[in-house]
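Novice: Here it is: the structure, laid out below.
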Amino acid sequence: MKLRDMTELAVRNLREAILRNSLTTLGVAVGVASLVAMLSLGVGLQQLASSRLAKSGLFDSIFVTPKTNLRGPGAGPPATRAAAPKARPLDEAARVEITKLPNVIEVYPQIRFFTEVRFDGKPFATMVAGMPESSKQSGAFDGMQGAFFSSPNADEAILQIEFAKELNPQTAQLIGKELVLRYAERQSLPSETGDGAPNSGGFSVVPKEKHLRIVGVVETEPASGFGGFGSGRLLIPLPVAETLRAAQVNDLRDVLRDTSSDKPAYASLTVRVKSPSLVDATEAKIKQLGFGAFSLLDASKSMRIFFSVFDLLLGIFGSLALAVATLGIINTLVMAILERRREIGVLKALGAADSDVKQLFFVEAGVMGLAGGVLGVFFGWLIGQALTLGTNIYLKRQDLPGVEISAVPWWLIAGAIGFALLVSLIAGLYPASRAAKLNPVDALRYE
Amino acid sequence: MPPSTTATGLPALRIDHVSRHYRMGESSIRAVDDVSLVVPAGEFLALLGSSGSGKSTLLNLMAGLDRPTSGSIVSEGRNLAELSPLELARYRRNTVGMVFQSFNLLPRMTLEENVELPLRLAEVERGERAARVQEALERVRLAKRTGHRPSELSGGEQQRTAIARALVNRPKILFADEPTGNLDSATGEAILALLREIQSTMDMTIVMVTHERHLAERFADRLATMGDGKLLSTAATGAPASTQVPTQATTGAGQ
């Protein structure tokens, strides 16, 4: 018999005992749902944890310094210092070179300085931090009031909420307002004095002002990379911060150190790569270029191992319900054979081969499995949504931001339906072969 | 006058020393015991005998529903005893049609769907099926009410449907196991007249099991009487040639 005819007959037969077959299908659906709910929880928690880790910037960042910087002035015996007199400065050329390395997303300096802000005519002291464009994706700005910087060069500012409350308790009213950044610009001494003396590496400090428009207020404290922006309370685009040439906290160290270079150099650079797994290789390449490089170990690897075990355990518990559903399918089909002995006899008398009868029961099991699988995935997704909703209501009461704790990726949908189909076909094996073996004469005599 | 044989002159069935024994615990029951019989192509043969005489068992053996313990049943040059289960299923599907005392229509299918069932099994193209079903239903004069379910019909109509189902795959031999057993005598007569008509118009071989000797004598060409698993006697009936069968019995239930 052709598959289409077989399926038509199978669906028809299933409809004849609609209540029993619906209950069996529902059993499969509950089994699949528990499997999907368990695994979606595992997957969701894993995604949540790994995205938090990835967004933290801790595991896909490399911290680059000039080699001498690690040693510090006067460290080590003089012989060693003499052996490496030509440590490469971490200047603009080095930044470009590192940017060109494979898998590097961006390279940026850490810019942070303590300064005074005037708002509404009143002075406030605060820490200003430059934010790279990539920090928009870090998750720290999700759910912020207002918006992220309109462009990397916009004269705009985002306030950390604690600081924003100091300016105005109604933080929403701050957006669109202007504030004045008063900062000390670093200027090289020769140009300042104009006497043409050789560059001594010193600088003078000139007070400057910068007008910034407030575009947003962020609740969580953005962190990006180690030594990052954790303590920044007034955030401005990094390119804008670079143009300010503000005197930074570590500038004094530059003065003390013999830079032996007339170009401005970075005290450190943060290098972000595409994924945590690429950190090791990129770090080695940066060291080959002659810089000091440092990163945290790939913590995500051990996390993945933990979640594989976690998923396995959840999957086993979920499968138990499906195992019970399998027994339900076997029971239903064996009952159907008893009820339909005569029909099987008629089919055989009309010329149905053993394989036709076997396939018919097989397709019936398959249809129940498929329907149960589809329904189960839907139920499982609902359970996941309910868990997420419940968790978020709880988190909201604790004044914590909401999270997505359940995820149903396409492979889980396909896998669950496929698994339900497979399990139901296995469950159909015994009833189908028993039906196929029925002797037509006995089956027709059966009343 | 005996019915016509096919051009080849081969019999439809040649049964040679066939026995069918059943094991019941310690003892063995000889349901069919060393029966030899030739059924010429185109003949309407009636198998007579009391209950337990082995006539139904013999019919099942000829129809390929059961296998003989010994002996051979040859149809179209093939010994049914030696066919594989699949080949035997194909024989049932393509070469023979089956009609039962209790009709054995599938209760949740309409008449049309019941008649279509052998076509599904034979993997006949969907486009061709409707015409074949219609043709078979017209042959048994049941072109109307074909969307109804068996329970909505009279016994006679159900048996006509069963006959249409048996004919739809254009078999060479039609087997009927007590086709009138569940019908009143008038309807039974109409069914037998229909079978007789089919035999003549389709040049069909028919083997019918019955215990209504008077009907068998009127409609069959030959009677074979069984008792205790053995073939006791065969005798021509001298029934009128099939074309002369009066048709008033069949017209009533039809249009």
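Bear in mind these aren't lab numbers, they're just calculated from the coordinates by the rules spelled out. Keep in mind it's a predicted model, so treat the numbers as computed, not measured. In this analysis, Cβ positions are derived from the backbone assuming ideal geometry, glycine residues included, and neighbour counts consider all displayed protein chains.
Novice: Rank by packing, highest mean first: peptides A:167-173, B:216-222, with packing defined as the count of other Cβ atoms within 10 Å averaged across residues.
Specialist: Ranking the peptides A:167-173, B:216-222 by packing returns B:216-222, A:167-173.
Novice: If packing is taken as the mean number of other Cβ atoms within 10 Å per residue, what is the order of A:370-376, B:12-18, highest first?
Specialist: The peptides rank, most packed first, as A:370-376, B:12-18.
Novice: Give the aspartates and glutamates whose C-alpha is closer than 12 Å to that of residue A:122, dropping any in the same chain fewer than 8 places away, or say none.
Specialist: A:166
Novice: Suppose a student asked you for the relative contact order of chain B, using Cα pairs under 8 Å spaced at least 6 residues apart; what percent would you report?
Specialist: Values: 522 pairs, mean separation 67.2, N = 255.
So the answer I get is 26 percent.
Novice: Then there is this: Using alpha carbon centroids, what distance separates segment A:1-49 and segment B:14-79, in Å?
Specialist: 48
Novice: Can you compute the modelled spin-label distance between residue B:144 and residue A:172, with each label point 7 Å from Cα toward Cβ, in nm?
Specialist: The two pseudo-label positions are separated by 7.7 nm.
Novice: 222 nm [θ] for chain B, helices only, -39500 (n - 2.57) per DSSP H run of 4+, per residue, to 500? Don't skip to the answer; put the middle values down first.
Specialist: Working: 8 runs with 84 residues, N = 255.
The per-residue figure over chain B is -10000 deg cm²/dmol.
Novice: Around residue A:353, what is the net charge, scoring Lys/Arg as +1 and Asp/Glu as -1 over all other residues with Cβ under 14 Å from its Cβ?
Specialist: +3
Novice: Order of A:396-403, A:332-339 by packing, highest average Cβ count within 10 Å first?
Specialist: Highest to lowest by the protection proxy: A:332-339, A:396-403.
Novice: For A:341-349, what's the mean count of beta carbons from other chains sitting within 10 Å of each residue's beta carbon?
Specialist: Counting other chains' Cβ atoms within 10 Å and averaging over A:341-349 gives 6.
Novice: Volume per residue, Å³, of the convex hull around the alpha-carbon atoms of chain B?
Specialist: Expressed per residue, the convex hull around the Cα atoms of chain B is 134 Å³.
Novice: Positive end of the dipole of chain B, charges at C-beta (+1 Lys, Arg; -1 Asp, Glu), about the Cα centre: which of B:173, B:31, B:21 has its Cα farthest in that direction?
Specialist: B:173
Novice: Beyond a 27 Å Cα-Cα separation, which of these cross-linked pairs lie in this structure: A:67/A:208; B:55/B:144; A:210/A:396; A:136/A:210?
Specialist: Where the Cα-Cα span goes over 27 Å, the pairs concerned are A:67/A:208; B:55/B:144; A:210/A:396.
Novice: Could you run the Debye sum over the Cα atoms of segment B:87-162, one equal point scatterer each and no solvent, and tell me log10 of I(q)/I(0) at q = 0.12, 0.16, 0.21, 0.26 Å⁻¹, two decimals?
Specialist: -0.32, -0.57, -0.97, -1.35
Novice: What is the local net charge at residue B:49, summed over the other residues whose Cβ is closer than 11 Å to its Cβ (Lys, Arg +1; Asp, Glu -1)?
Specialist: For residues surrounding residue B:49, the net value is +2.
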